[in-house]
Amino acid sequence: MSDRVLSPDELDAALRRIGAERYHSNHPFHKMMYQGKLNRGQLQAWALNRYYYQCRIPIKDATLIARLPTPELRRVWRRRLHDHDGDAPNTGGIARWLKLTDGLGLDRDYVISTEGLLPITRFAVDAYVDLVRDRSILEGIASCLTELFSPTIIAERVGGMLANYDFITADTLGYFTPRLDQAPQDAEFALAYVKEHARTPEQQAAVQAVLRIKCDILWAMLDALYLAYVEPGMIPPGAFVPAG
C-alpha cells in the first residue's frame, strides 16, 4: 500500500485500471455469449443463475440504505430500489429479467425458486450482500463501481445475442435498455462519493480492494457457469440441467 494520498484523478484512474483488468467482460464465457458460441441450454443456465444476482441487488441496496447517515444520501440510493423492484407488480429490473428467462423457455416458478442455482452462484452473491452489510459505507458504495464498466458489456451482450441467436428478440432483452442510462447515472454518483471521501492511503487502498473483490465475485460466477455448462461440463447435484 502506498503511503501517498492519490489525487481524485489518480484514484479515478486506478479504479478504472482495475475494471480494465478484472471486469468480467474479459471472461471467456461472456465472449462466447456475444460471439454466438453458446447454445440455448447454456444461455438458460446463465440467465437462471444471473437471476439470483438480480433479485439480491435490491436487498444489498436496502442494507446499505439502512446505514446511510443522511436523508440526502438515502434519497439518492433508494432510486436503485425503484430501478430493480419497480413501483408496482411486473415493473422494474427483476420483472424484466424474468421476461428474459421466460423468453429463453425457462419455467418462471423454477427460476424464482432458485432451486437450480450453481453453489458458487449462491455463495458469491450472498458474499456480496454480506460485504455491503459488514464493510464501511465507503467500501459499500465503492463496491458498486463495477457499473462504470457495464455499458460496454451490455452493448456487447445485446448486439451479439441479437445478431447470433435467432430465438432471442429485442423484446426478450428489454432488461438491458434502461440499464444503459441507469448504470452510468449510478456509477457517476458512486465515483464522485468515493473520490471525495477516500482521503487517506488506507481508505484509497480499501476502495480499490473492494472493487477487486466485486470484480472477482462476478468473474467467479462465470467461472462456475463455464465449468458446469461448457468445459468440462461438471454440473453439480441439484443444479439446472438443460434439456437435450
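Please treat every number below as a calculation from the coordinates, not as lab data. Values in this document were obtained by computation on a predicted structure and should not be read as measured data. Note that we place each Cβ from the backbone using ideal geometry, even for glycine, and neighbour counts take in every protein chain shown.
Structure data summary
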item: Backbone HN-Hα couplings from phi across segment 178-188 [Karplus 6.51/-1.76/1.60, Hz, Gly and Pro as x]; result: x, 5, 5, 9, 5, 4, x, 5, 5, 5, 4
item: Ascending count of other beta-carbon atoms within 10 Å, so fewest first, for Met234, Met32, Met161, Met221; result: Met234, Met32, Met161, Met221
item: Rounded if a/c under 1.5, otherwise prolate or oblate - segment 106-209, Cα gyration tensor axes; result: oblate
item: Cα-centre dipole for the chain with unit charges at Cβ (Lys and Arg positive, Asp and Glu negative), debye to 20; result: 60 debye
item: Partner lysines for Lys214 [C-alpha distance under 20 Å; skip if fewer than 8 residues away on the same chain]; result: Lys31, Lys60, Lys195
item: Computed E for Ala170/Asp126 - FRET, C-beta separation, R0 41 angstrom, nearest 0.05; result: 0.80
item: Dipole of segment 10-229, positive end: most advanced residue of Ser143, Leu173, Thr91 [Cβ charges, Cα centre]; result: Ser143
item: Neighbour-limited loop hits for trypsin sites (Lys or Arg not before Pro), segment 1-65 (at most 14 other Cβ within 10 Å; DSSP other than H, G, I, E, B); result: Arg4, Lys37
item: Helical mean residue ellipticity (222 nm; -39500 (n - 2.57) per DSSP H run of 4+; nearest 500) of the chain; result: -22500 deg cm²/dmol
item: Relative exposure of Thr146, Thr63, judged by other C-beta atoms within 10 Å (fewest first); result: Thr63, Thr146
item: C-alpha center-to-center spacing [segment 219-244, segment 88-163] in angstrom; result: 17 Å
item: Kirkwood hydrodynamic radius (C-alpha pairs) into Stokes-Einstein, the chain, 4 °C and 1.567 mPa s, D in µm²/s; result: 69 µm²/s
item: Cα gyration tensor shape for segment 96-158, rounded if a/c is under 1.5, else prolate or oblate; result: oblate
